[in-house]
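The values are calculated or read from the model by the stated rules, or taken from the named source; none is laboratory data. These numbers were taken from a predicted model, which means no experiment stands behind them. Here Cβ is always computed from backbone atoms with ideal geometry, including for glycine, and neighbour counts include all displayed protein chains. Side chains are part of the model used for accessible areas, which takes the heavy atoms of the whole protein and leaves out ligands, DNA and RNA. Shrake-Rupley method; radii C 1.70, N 1.55, O 1.52, S 1.80 Å.
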Amino acid sequence: MSAVIDDHGHADHAHGPAKGLMRWVLTTNHKDIGTLYLWFAFCMFLLGGSFAMVIRAELFQPGLQIVEPAFFNQMTTMHGLVMVFGAVMPAFVGLANWMIPLMIGAPDMALPRMNNFSFWLLPAAFLLLVSTLFTPGGGPNFGWTFYAPLSTTYAPESVTYFIFAIHLMGISSIMGAINVIATILNLRAPGMTLMKMPLFVWTWLITAFLLIAVMPVLAGCVTMMLMDIHFGTSFFSAAGGGDPVLFQHVFWFFGHPEVYIMILPAFGAVSQIIPTFSRKPLFGYTSMVYATASIAFLSFIVWAHHMFVVGIPLVGELFFMYATMLIAVPTGVKVFNWASTMWQGSLTFETPMLFAVAFVILFSIGGFSGLMLAIAPADFQYQDTYFVVAHFHYVLVPGAIFGIFASAYYWLPKWTGHMYDETLGKLHFWLSFVGMNLTFFPMHFVGLAGMPRRIPDYNLQFADFNMVSSIGAFMFGATQIFFLFIVIKTIRGGAPAPAKPWDGAEGLEWSVPSPAPYHTFTTPPEVK
Amino acid sequence: MADSISLKKLVTRLLGVVVAMFVFGFALVPLYDVMCKAFGINGKTAGQYEGEQVVDQSRQVRVQFLSTNNIDMPWEFYPKHDELTANPGAVNEMIFVARNPTDRPMSAQAVPSIAPSEAAAYFHKTECFCFTQQVLQPGQQIEMPVRFIVDRDMPKDVKHLTLSYTLFDITARHPPVAANTGG
Ligand code: HEM
Ligand SMILES: [Cu+2]
């Protein structure tokens, strides 16, 4: 054991985890809770993934083969909700729980009991949400964006459960975010000034502020729906003086920052990984921090780029178009910095690095299609087609999801004490890479040719591209079962990992042994 | 860290932000109405006519009328004429007809909209059946007027306006007995 691990003055703490199942139910340990979050997110990833498989199976050929259109709608809705709120967000919270205290030299999260509560709200929320699929009227079928009046006047009975599930997820995220902010602002080791913090910590700090700013707006949005449905108000009902377009404004005021909530922590993780495998410090640390902050700021003033066709005035179209394009500037700064970090570095391509490099390249493709969508007059053609689906999957799959995979491989040795199998890791990468591109690249073309999204059938001319997409999707889906196998294999054995398995790595997390002991940094480390 | 504020204070402040943002979500509702008014969108036409009461004989504007029934609304609902020609500054009138063909009393609300939105700020309604709700007995038919003035200051390039109404069935929300007969 290294000298940093010192339990002096903490005689009241247990030295190791409690035994049995109750360890997980009652734990307030940041590593345990991080692990819970990560496993929960992975389960949801498989569940949301299986919904996607239903969608792709139905779209394998034109015509209606496998599911009823009504069920298809529930699948697209649940896929989106489960992936966004169940897989991507909890995975990042899990990474934050595990790594932020280790990276800033804190013994735990600042509010450990609340941490336990915010995790356990999630299984409750998703049980509630997924159970609606088995109710007589079916589950939510109005898309993950749940536009009114589809989600109010014309919604299935189960919409009330959906609303409560969103409330629970919102409370969970808000508590998680408060915890992250409190940990980062209050528990940094002496000498760890803000501008010395690893970028993963920085991006999470900014993400947490985004979360506490917009999750309450989402909660307000579903509360208004609840009142329209049950208490006779007319926030979103034109008949009573309200307006369905108002719903879209409220939703996207949350929704656009939300997409950055899903990508900023990935930016941070990639900014840890690329320097490690380039064996060079990150190029432009300060500009990275400012770029992240400006992306977060700009994300509040671009929401109507999702609503170019609802009839906003011309000045509005122009404002939101230019504001959206402006986001490409700080994003470009980041991509430039990652590329410069690699420039003339002594690069090696272990699995985390492969995922990180693919992240940079493929995320940029998603950024470019985003710029195309940002051109208001052009968006009149793209809106609600598969081009939008292609765009957001390019930023979310090789963006958020690859960021999570990269982090998982990067920190697995620290979590488990074993090295993962490099050959299998690389295989996982290449299968995911090929599968993901096969799935989503053709969607650009069918989208530009006019194939609408969220429809279970399509015109014959889209058949070939859709079949390719479906094959890619099955491949990508199966590959993730393989990832589960790799992780379990790593937990159960493998070459023992040294405290610092990556020779180019920097940071406090590598100063504790692998696997990280149950309690770390009970006496704060000194940061020069 | 010694210089950081206490945990309790920090958490209280963050919770304050959460509450403020929740309230802000609801504040978007009136804010939205203000913006719609400012930009003349969503049928939010201008208020009272305060310009000169002199008719501008030098130009004419075509005003077209549309009527739409919201989904499941069984009433017959149409304007007596599809369009009229209006001189800015003059008071114009169009009659809309509504009939309840069902065998039960029903109430309805018409929601207006005007296009193009640049012109909305120059369109003044002095009377409109959309200001109130309508109640019709089975088989009853009514004629409902809308009176309006097109502003003398309306940009010269607008030569053509469309005033459209969507009729909503609000029987469930406002049972016909309670409401007044409008029109
Ligand atoms: C350069 C940066 C980006 C630009 C300019 C951009 C622009 C846009 C625009 C204009 C739309 C609306 C398209 C339409 O509905 O017609 C859109 C949709 C979307 N974007 Fe982006 N985007 C960017 C980055 C991102 C990132 C980083 C994410 C998430 C990680 C993201 C996620 C989404 C999602 C989920 C949608 C679709 C929402 C829906 O309708 O279901 N975007 N984007
Ligand atoms: Cu957006």
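Ordered from highest to lowest accessible area with the whole protein assembly present and a 1.4 Å probe, B:GLU143, A:GLU509, B:GLU76 read as B:GLU143, B:GLU76, A:GLU509.
Between A:LEU347 and A:THR135, how high is the FRET efficiency from 1/(1 + (r/R0)^6) when r is the Cβ-Cβ distance and R₀ = 56 Å? Nearest 0.05.
Numbers: r = 53 Å, r/R0 = 0.95.
Plugging the Cβ-Cβ distance into 1/(1 + (r/R0)^6) gives 0.60.
In chain A, Cα pairs under 8 Å separated by at least six residues give a relative contact order of 20 percent.
I need the fraction of alpha carbon pairs in the stretch A:1-150 separated by more than 19 Å, rounded to a whole percent. Can you show the working numbers first?
On the way: 6931 of 11175 pairs.
For the stretch A:1-150, the share of Cα pairs beyond 19 Å comes to 62 percent.
Only DSSP H runs of four or more residues enter the estimate; each adds -39500 (n - 2.57), and after division by the residues of chain A the mean residue ellipticity at 222 nm equals -21500 deg cm²/dmol. Projected onto planes of every orientation and averaged, the convex hull of the alpha-carbon atoms in the stretch A:397-475 covers 6.2 nm².
Leaving out ligands and nucleic acids, note down the accessible area per residue over chain A with a 1.4 angstrom probe, in whole Å².
36
Remark: C-alpha extents of the stretch B:43-169 on the principal axes read 50, 23, 23 Å, sorted largest to smallest. Between the amide H of A:ALA499 and those of A:SER514, distances stay under 5 Å, these residues lying 5 or more places away or on another chain, with hydrogens modeled in the peptide plane.
Using a probe radius of 1.4 Å on heavy atoms only, what accessible surface per residue do you get for chain B? Whole Å² is fine. Can you show the working numbers first?
Numbers: 9660 Å² over 183 residues.
In whole numbers, chain B has 53 Å² accessible per residue.
Expressed as an acute angle from 0 to 90° and rounded to the nearest 10, what is the orientation of the C-alpha long axis of helix B:7-39 relative to the principal long axis of chain B? Helix B:7-39 and the main axis of chain B meet at about 10 degrees. Under 20 Å of direct C-alpha separation, and excluding same-chain neighbours fewer than eight residues apart, B:LYS9 reaches these aspartates and glutamates: A:ASP108.
The calculated FRET efficiency for the pair A:GLN61 and B:THR162, based on their C-beta separation and a Förster distance of 51 Å, comes to about 0.75. The base-10 log of I(q)/I(0) for the stretch A:225-293, evaluated at q = 0.20, 0.22 Å⁻¹, reads -0.85, -0.94 [Debye formula, identical scatterers on Cα atoms, solvent excluded]. Surface composition of the stretch B:43-169: carbon and sulfur atoms hold 46% of the protein heavy-atom accessible area at a 1.4 Å probe.
As a quick test, which of the pairs A:LYS196/A:LYS489; A:LYS414/B:LYS8; B:LYS80/B:LYS125; A:LYS334/B:LYS8; A:LYS19/A:LYS414; A:LYS19/A:LYS426 have an alpha carbon distance above 24 angstrom in this structure? Long pairs (Cα-Cα over 24 Å): A:LYS196/A:LYS489; A:LYS414/B:LYS8; A:LYS334/B:LYS8; A:LYS19/A:LYS426. Total buried accessible area between A and B, probe 1.4 Å, nearest 100: 2700 Å².
The calculated P(r) of the stretch A:193-267, using every Cα pair and 5 Å bins from 0, goes 4, 15, 20, 16, 12, 10, 8, 6, 4, 3, 1, 0 in percent. The relative contact order of the stretch A:207-292 comes to 26 percent, based on Cα pairs under 8 Å that sit 6 or more residues apart. In the stretch A:2-511, inverting the average of 1/r over every pair of distinct C-alpha atoms gives 23.6 Å as the Kirkwood radius. Three principal axis extents describe the C-alpha atoms of the stretch A:64-149; from largest down they are 56, 26, 21 Å. Averaged over the residues of A:214-226, the number of partner chain Cβ atoms lying within 10 Å of the residue Cβ comes to 4. Mind pulling the angle between the C-alpha long axis of helix A:351-374 and the longest principal axis of chain A? Nearest 10 degrees, somewhere in 0 to 90. In chain A, helix A:351-374 runs at an angle near 30 degrees to the longest axis.
In chain A, the longest principal axis of the Cα atoms and the axis of helix A:159-186 are about 30 degrees apart. Phi-derived couplings, Karplus 6.51 cos²θ - 1.76 cosθ + 1.60 at θ = phi - 60°, listed residue by residue for the stretch A:275-288: x, 4, 8, 9, 6, 9, x, 4, 6, x, 3, 4, 5, 4 Hz, with x used for Gly and Pro. Summarised in one figure, the compactness ratio Rg/Rh of the stretch A:339-472, Cα atoms and Kirkwood Rh, is 1.07. Residues in the stretch B:147-168 near a label at B:ALA90, defined as backbone nitrogen under 12 Å from the 7 Å Cα→Cβ point? The answer is B:150.
Per residue of A:180-189, other chain Cβ atoms within 10 Å of the residue Cβ number 3 on average. Size descriptors for the stretch A:476-528: radius of gyration and Dmax over Cα atoms are 15.3, 47 Å.
Between the stretch A:71-134 and the stretch B:82-127, the alpha-carbon centres lie 51 Å apart. Measuring with a 1.4 angstrom probe and ignoring ligands and nucleic acids, A:LYS500 comes out at about 90 Å² accessible.
So for A:TRP144, A:TRP120, what's the accessible-area order with a 1.4 Å probe, most first?
Working: A:TRP144 40, A:TRP120 95 Å².
Greatest to least solvent exposure: A:TRP120, A:TRP144.
When the solvent-accessible area of the stretch A:2-511 is split by element, carbon and sulfur atoms take up 73 percent of it, the probe being 1.4 Å. Measuring from centroid to centroid over Cα atoms, what is the spacing of the stretch A:155-198 and the stretch A:308-370 in Å? Cα centres, the stretch A:155-198 to the stretch A:308-370: 25 Å. Here the sum of -39500 (n - 2.57) over DSSP H runs of 4 or more residues, divided by the residues of chain B, equals -7000 deg cm²/dmol at 222 nm, to the nearest 500. Dividing the alpha-carbon radius of gyration of the stretch A:164-302 by the rule-of-thumb value 2.2 N^0.38 Å gives 1.31.
Among B:VAL29, A:VAL270, the order of accessible area from largest down is B:VAL29, A:VAL270, computed with a 1.4 Å probe on protein heavy atoms.
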